[in-house]
Amino acid sequence: VIIENALDTQTMVTADKINNSDVSATKSDEYVRIVYGSGTNTHNIDFEEAAPAIAAVLAKYPNTKFRVIGQLDLPDYLSKYISQIEFFPTCTYEEYLVLLSECDISIAPLENYIFNDSKSNIKYIEASSLHIPSICSPRSAFIQAITHEENGYLCESESEWIQEFSSLIEDKQKRITIGEKAYQNVMSHYSPVSIAQD
(Lines give C-alpha, C1' and ligand atoms only; values in the text may rest on other atoms or scores of the structure.)
Protein backbone atom coordinates (compact mmCIF):
# COMPACT_ATOMS: atom_id res chain seq x y z
CA VAL A 1 0.00 0.00 0.00
CA ILE A 2 1.35 3.42 -0.97
CA ILE A 3 0.22 6.48 0.98
CA GLU A 4 0.98 9.53 -1.13
CA ASN A 5 2.49 12.80 -0.03
CA ALA A 6 -0.33 15.14 0.85
CA LEU A 7 -1.27 18.41 2.47
CA ASP A 8 -0.11 18.63 6.07
CA THR A 9 -1.36 20.87 8.84
CA GLN A 10 1.47 23.41 8.43
CA THR A 11 0.79 23.81 4.72
CA MET A 12 -2.97 24.07 5.19
CA VAL A 13 -2.72 26.64 8.00
CA THR A 14 -0.14 28.73 6.15
CA ALA A 15 -2.01 28.53 2.84
CA ASP A 16 -5.26 29.49 4.54
CA LYS A 17 -3.60 32.49 6.15
CA ILE A 18 -2.12 33.57 2.82
CA ASN A 19 -5.36 33.01 0.92
CA ASN A 20 -7.21 35.21 3.40
CA SER A 21 -4.60 37.98 3.46
CA ASP A 22 -3.46 40.66 1.05
CA VAL A 23 -0.22 38.82 0.26
CA SER A 24 -1.45 38.36 -3.30
CA ALA A 25 -1.28 42.14 -3.84
CA THR A 26 1.85 41.51 -5.90
CA LYS A 27 -0.43 39.95 -8.50
CA SER A 28 -2.03 43.34 -9.06
CA ASP A 29 1.05 44.67 -10.88
CA GLU A 30 1.42 44.36 -14.65
CA TYR A 31 3.41 41.13 -14.61
CA VAL A 32 2.43 37.51 -14.97
CA ARG A 33 4.85 35.45 -12.91
CA ILE A 34 5.89 31.89 -13.69
CA VAL A 35 7.47 30.26 -10.63
CA TYR A 36 9.80 27.32 -10.10
CA GLY A 37 10.89 26.13 -6.67
CA SER A 38 14.05 24.05 -6.43
CA GLY A 39 15.43 22.54 -3.25
CA THR A 40 18.73 21.38 -4.75
CA ASN A 41 20.81 21.96 -7.87
CA THR A 42 20.09 18.36 -8.90
CA HIS A 43 16.94 19.81 -10.51
CA ASN A 44 18.97 21.48 -13.27
CA ILE A 45 18.34 18.62 -15.71
CA ASP A 46 14.63 18.53 -14.88
CA PHE A 47 14.33 22.27 -15.48
CA GLU A 48 15.62 21.76 -19.04
CA GLU A 49 12.24 20.19 -19.85
CA ALA A 50 10.62 23.63 -19.59
CA ALA A 51 13.55 26.03 -20.10
CA PRO A 52 13.31 26.49 -23.90
CA ALA A 53 9.60 27.26 -23.60
CA ILE A 54 10.26 29.75 -20.80
CA ALA A 55 12.82 31.51 -23.02
CA ALA A 56 10.22 31.65 -25.80
CA VAL A 57 7.48 33.16 -23.65
CA LEU A 58 9.81 35.67 -21.97
CA ALA A 59 10.74 36.84 -25.47
CA LYS A 60 7.12 36.94 -26.64
CA TYR A 61 5.57 38.49 -23.52
CA PRO A 62 7.52 41.43 -21.98
CA ASN A 63 4.95 41.50 -19.15
CA THR A 64 6.06 38.03 -18.00
CA LYS A 65 8.59 37.34 -15.26
CA PHE A 66 10.18 34.05 -14.23
CA ARG A 67 10.75 33.56 -10.50
CA VAL A 68 13.27 31.05 -9.17
CA ILE A 69 13.04 30.07 -5.51
CA GLY A 70 16.06 28.09 -4.30
CA GLN A 71 18.97 26.57 -6.18
CA LEU A 72 19.01 26.48 -9.96
CA ASP A 73 21.66 26.99 -12.62
CA LEU A 74 19.97 28.65 -15.56
CA PRO A 75 20.96 27.72 -19.14
CA ASP A 76 23.07 30.40 -20.85
CA TYR A 77 20.35 31.18 -23.38
CA LEU A 78 18.13 32.57 -20.61
CA SER A 79 20.73 35.22 -19.69
CA LYS A 80 19.39 37.61 -22.34
CA TYR A 81 16.12 37.76 -20.35
CA ILE A 82 17.79 38.43 -17.00
CA SER A 83 15.73 41.60 -16.45
CA GLN A 84 12.62 39.38 -16.42
CA ILE A 85 14.03 36.83 -13.97
CA GLU A 86 13.65 37.06 -10.19
CA PHE A 87 15.94 35.07 -7.88
CA PHE A 88 15.12 34.20 -4.28
CA PRO A 89 17.48 32.10 -2.15
CA THR A 90 16.54 28.98 -0.23
CA CYS A 91 14.23 30.04 2.60
CA THR A 92 11.92 28.69 5.28
CA TYR A 93 8.87 26.75 4.16
CA GLU A 94 6.45 29.50 5.17
CA GLU A 95 8.53 32.08 3.29
CA TYR A 96 8.52 29.77 0.29
CA LEU A 97 4.71 29.56 0.31
CA VAL A 98 4.44 33.36 0.51
CA LEU A 99 6.80 33.78 -2.48
CA LEU A 100 4.83 31.09 -4.32
CA SER A 101 1.52 32.83 -3.61
CA GLU A 102 2.74 36.01 -5.31
CA CYS A 103 2.94 34.16 -8.64
CA ASP A 104 0.45 33.22 -11.33
CA ILE A 105 1.69 29.96 -12.91
CA SER A 106 3.65 27.19 -11.18
CA ILE A 107 5.76 24.66 -13.06
CA ALA A 108 6.96 21.17 -12.18
CA PRO A 109 9.12 19.87 -15.03
CA LEU A 110 10.63 16.39 -14.69
CA GLU A 111 12.90 14.58 -17.10
CA ASN A 112 11.36 11.53 -18.77
CA TYR A 113 13.35 9.04 -16.73
CA ILE A 114 12.08 6.03 -14.78
CA PHE A 115 13.28 7.43 -11.43
CA ASN A 116 10.99 10.45 -11.86
CA ASP A 117 7.92 8.23 -12.02
CA SER A 118 8.56 7.54 -8.33
CA LYS A 119 8.50 11.22 -7.37
CA SER A 120 5.49 12.80 -5.71
CA ASN A 121 3.30 15.61 -7.01
CA ILE A 122 4.02 17.85 -4.01
CA LYS A 123 4.77 20.92 -6.16
CA TYR A 124 1.32 20.63 -7.71
CA ILE A 125 -0.27 20.19 -4.28
CA GLU A 126 1.49 23.23 -2.81
CA ALA A 127 0.63 25.51 -5.73
CA SER A 128 -2.96 24.28 -5.80
CA SER A 129 -3.40 25.01 -2.10
CA LEU A 130 -2.77 28.66 -3.06
CA HIS A 131 -5.14 28.61 -6.07
CA ILE A 132 -2.23 28.70 -8.55
CA PRO A 133 -2.53 26.72 -11.81
CA SER A 134 0.32 24.34 -12.58
CA ILE A 135 1.99 23.07 -15.72
CA CYS A 136 3.73 19.74 -15.06
CA SER A 137 5.55 17.01 -16.91
CA PRO A 138 3.39 13.91 -17.49
CA ARG A 139 5.06 11.71 -14.90
CA SER A 140 3.16 9.14 -12.85
CA ALA A 141 2.12 11.19 -9.79
CA PHE A 142 1.11 14.20 -11.87
CA ILE A 143 -0.91 12.04 -14.27
CA GLN A 144 -2.81 10.63 -11.30
CA ALA A 145 -3.58 14.08 -9.86
CA ILE A 146 -4.19 16.23 -12.94
CA THR A 147 -6.95 16.17 -15.50
CA HIS A 148 -5.35 18.06 -18.39
CA GLU A 149 -6.91 21.47 -19.07
CA GLU A 150 -9.35 21.00 -16.19
CA ASN A 151 -7.35 21.34 -12.97
CA GLY A 152 -3.85 21.70 -14.39
CA TYR A 153 -1.73 20.95 -17.44
CA LEU A 154 0.48 18.05 -18.53
CA CYS A 155 3.10 19.00 -21.12
CA GLU A 156 5.92 17.01 -22.69
CA SER A 157 7.17 18.78 -25.83
CA GLU A 158 8.45 22.34 -26.10
CA SER A 159 5.48 23.29 -28.26
CA GLU A 160 3.05 21.97 -25.64
CA TRP A 161 4.75 23.99 -22.89
CA ILE A 162 4.67 27.14 -25.04
CA GLN A 163 1.02 26.60 -25.93
CA GLU A 164 -0.12 26.29 -22.31
CA PHE A 165 2.13 29.11 -21.08
CA SER A 166 0.65 31.35 -23.78
CA SER A 167 -2.90 30.29 -22.98
CA LEU A 168 -2.52 31.15 -19.28
CA ILE A 169 -0.47 34.32 -19.78
CA GLU A 170 -3.05 35.74 -22.16
CA ASP A 171 -6.14 34.78 -20.15
CA LYS A 172 -6.32 35.90 -16.51
CA GLN A 173 -9.78 34.38 -16.06
CA LYS A 174 -8.46 31.00 -17.19
CA ARG A 175 -5.69 31.23 -14.58
CA ILE A 176 -8.28 31.94 -11.91
CA THR A 177 -10.61 29.14 -13.06
CA ILE A 178 -7.92 26.46 -13.34
CA GLY A 179 -6.39 27.59 -10.04
CA GLU A 180 -9.75 27.26 -8.29
CA LYS A 181 -10.36 23.78 -9.74
CA ALA A 182 -6.85 22.75 -8.70
CA TYR A 183 -7.57 24.00 -5.17
CA GLN A 184 -10.81 22.00 -4.98
CA ASN A 185 -9.01 18.94 -6.35
CA VAL A 186 -6.26 18.88 -3.73
CA MET A 187 -8.60 19.75 -0.88
CA SER A 188 -10.82 16.84 -1.88
CA HIS A 189 -8.08 14.26 -2.44
CA TYR A 190 -4.97 15.35 -0.55
CA SER A 191 -6.21 16.73 2.76
CA PRO A 192 -5.13 14.82 5.90
CA VAL A 193 -8.69 13.51 6.32
CA SER A 194 -8.89 12.21 2.74
CA ILE A 195 -5.49 10.54 2.92
CA ALA A 196 -6.36 8.99 6.31
CA GLN A 197 -9.60 7.57 4.88
CA ASP A 198 -7.75 6.16 1.87
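The values are calculated or read from the model by the stated rules, or taken from the named source; none is laboratory data. The model shown is predicted, which means the values in this text are computed figures rather than measured ones. Ideal geometry is used to build each Cβ from the backbone, glycine not excepted, and the neighbour counts take in all protein chains shown. Please note that ligands, DNA and RNA were not included when accessible areas were found on the heavy atoms of the full protein model with its side chains. Shrake-Rupley method; radii C 1.70, N 1.55, O 1.52, S 1.80 Å.
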Added length on full extension, which subtracts the Cα-Cα distance from 0.36 nm per residue, Asn112 to Ile45: 23.1 nm
Heavy-atom accessible area order for Val1, Val35, Val13, largest first, 1.4 Å probe: Val1, Val13, Val35
Size of the dipole of the chain about the Cα centre, Lys and Arg at +1 and Asp and Glu at -1 on the beta carbon, nothing else charged, in debye to 20? 280
Based on alpha-carbon centroids, what's the gap between the stretch 64-117 and the stretch 141-198 in Å, whole number please? 18
As a test question: what accessible area, to the nearest 10 Å², does Phe115 have when a 1.4 Å probe is rolled over all protein chains in place? 120
Build a GNM of the chain with springs between Cα atoms under 10 Å: which of Asp117, Asp29, Asp46 gets the top mean-square fluctuation? Asp29
Would you grab the residues whose amide H sits under 5 Å from the one on Arg67? Only those 5+ places off in sequence or on another chain, please, with H modelled 1.01 Å from N. Ile34, Val35, Tyr36, Glu86
Keeping the other protein chains in place, figure out the carbon and sulfur percent of the accessible area of the chain, with a 1.4 Å probe. 52
Of Thr64, Thr11, Thr40, which is the most mobile in a GNM of the chain whose springs link Cα atoms less than 10 angstrom apart? Thr40
Rounded to the nearest 500, what is the chain's calculated 222 nm mean residue ellipticity when only DSSP H runs of at least 4 contribute -39500 (n - 2.57) each, over all residues? -12500 deg cm²/dmol
Nearby lysines by direct alpha-carbon distance to Lys60 (threshold 22 angstrom, same-chain neighbours under 8 apart not counted): Lys27, Lys80, Lys172, Lys174
What is the set of long-range amide H partners of Leu110 at a cut-off below 5 Å, with H atoms built 1.01 Å from backbone N? Ser137
With the chain treated as a Gaussian network of Cα nodes joined by springs under 10 Å, which of Ser21, Ser128, Ser106 yields the largest mean-square fluctuation? Ser21
Ordered by residue, what ³J(HN,Hα) values in Hz, to whole numbers, does the stretch 128-137 give under the Karplus form 6.51 cos²θ - 1.76 cosθ + 1.60, where θ = phi - 60° and Gly and Pro are x? 5, 5, 10, 6, 9, x, 10, 10, 10, 6
Contact order relative to length of the stretch 73-186, as percent, for alpha carbon pairs under 8 angstrom and 6 or more apart: 25
Quote the FRET efficiency, to the nearest 0.05, computed for Ile2 versus Glu156 with a Förster distance R0 of 22 Å and r equal to the Cβ-Cβ distance. 0.35
Mean accessible area per residue over the chain (1.4 angstrom probe, all protein chains present, square angstrom) is 48
